[in-house]
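The values are calculated or read from the model by the stated rules, or taken from the named source; none is laboratory data. A quick note: this is a predicted structure, and the numbers were derived from the prediction, not measured. A quick note on method: Cβ atoms are made from the backbone with ideal geometry, for glycine too, and the neighbour counts reach across all protein chains shown.
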């Protein structure tokens, strides 16, 4: 099952819906115990596709792929490296990624699998985690590396500029998040091509671990880390420039496509 969040072109209503062949089937609360179809249908060309949820939390994990740790020259972590992205970072499929005027030169790309939390979770075990996962979506952790790694010596500003968390196109249910192909292309060239099986900490463990750090809310997103191939790990380094096109895909979920633009001030 694939769940989308849409806005009707005429009328402006924001709705959740199931993706069918050529239309959206509107549903009630996607976080209810049982998803209920309303009977309303919306054609694809009569709605804008939005970010798949309105999360109360965007939590992210750093250095969570073995090969990515190797390209960064870092040892494998003993516990998940946890940080957060602020809500202003979230954009939906097709919206522009904007290079911030105050830090435009070293903006990097990171393709990530995102877990969407289905119900309130606190102090759960990995064995219980599947009951708290609604599904999975694609996300990018866009990062201003100069702010993150050199200027600030911590991650908050570099991870939290506007548009720095593209997500979508939908929430896919019934997948094994620990075994999905994940890839990213920059201007048609493959930069990242891996599988979530290379993650150091799997999806169920992450949900359990984070639920012991904080109460996880329905609709919250957990970005699970990025595979190798990021721009800062290359020689010469590759950073985003106005006019670039990013495409990422995760098996069983779908594709995100975004253009890169410069901030206008």
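A few remarks follow.
- For region 100-119, the candidate set comprises residues that are part of a loop (DSSP other than H, G, I, E, B), in contact with a helix residue (DSSP H, G or I) (Cβ under 8 Å, 6 or more places away or on another chain) and in contact (Cβ under 8 Å) with a residue 60 or more places away in the chain; within that set, the residue that is surrounded by the fewest Cβ atoms within 10 Å (Cβ to Cβ) is 105.
- Failed item in (1) within 26 Å of residue 228 (Cβ to Cβ); (2) assigned to a strand (DSSP E or B); (3) without any contact (Cβ under 8 Å) to a residue 24 or more places away in the chain, with residue 25 passing the rest: (1)
- Residue within region 184-206 that is touching a strand residue (DSSP E or B) at 6+ places or on another chain (Cβ under 9 Å), in a loop (DSSP other than H, G, I, E, B), assigned by TED's automatic domain parsing to the domain that holds residue 256 and within 20 Å of residue 55 (Cα to Cα) present: no
- Qualifying positions in region 36-61 - in a loop (DSSP other than H, G, I, E, B) and over 19 Å from the mean Cα position of the chain (by Cα): 36
- Evaluated against (1) under 22 Å from residue 224 (Cβ atoms); (2) surrounded by fewer than 17 Cβ atoms within 10 Å (Cβ to Cβ); (3) modelled with pLDDT under 95, residue 34 falls short on exactly one condition, (1).
- Flag for residue 146 being surrounded by 15 or more Cβ atoms within 10 Å (Cβ to Cβ), in the same structural domain as residue 205 (by TED's automatic domain parsing) and within 19 Å of residue 224 (Cβ to Cβ): no
- Within region 230-243, the set of residues being buried (at least 17 other Cβ atoms within 10 Å of the Cβ) and part of a loop (DSSP other than H, G, I, E, B) comprises 230, 238, 239, 240.
- Residue 41 vs. criteria in contact with a strand residue (DSSP E or B) (Cβ under 8 Å, 6 or more places away or on another chain), loosely packed, with under 13 Cβ neighbours inside 10 Å and farther than 17 Å from residue 116 by Cα: no
Residue-wise test of (1) within 26 Å of residue 86 (Cβ to Cβ); (2) loosely packed, with under 15 Cβ neighbours inside 10 Å.
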{"residue": "183", "(1), (2)": "no, no"}
{"residue": "195", "(1), (2)": "no, no"}
{"residue": "200", "(1), (2)": "yes, no"}
{"residue": "203", "(1), (2)": "yes, no"}
{"residue": "213", "(1), (2)": "yes, yes"}
{"residue": "219", "(1), (2)": "yes, no"}
{"residue": "225", "(1), (2)": "yes, no"}
{"residue": "228", "(1), (2)": "no, no"}
{"residue": "245", "(1), (2)": "yes, yes"}
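- With respect to being outside any strand (DSSP E or B) and touching a residue at least 12 places away in the same chain (Cβ under 8 Å), residue 148 falls outside the description.
- Among residues of region 253-264, those that are crowded, with 17+ Cβ neighbours inside 10 Å and not in a strand (DSSP E or B), counted: 1
- Hey, residue 134 assigned by TED's automatic domain parsing to the domain that holds residue 253, in contact with a strand residue (DSSP E or B) (Cβ under 9 Å, 6 or more places away or on another chain), surrounded by fewer than 24 Cβ atoms within 10 Å (Cβ to Cβ) and part of a loop (DSSP other than H, G, I, E, B) or not: no
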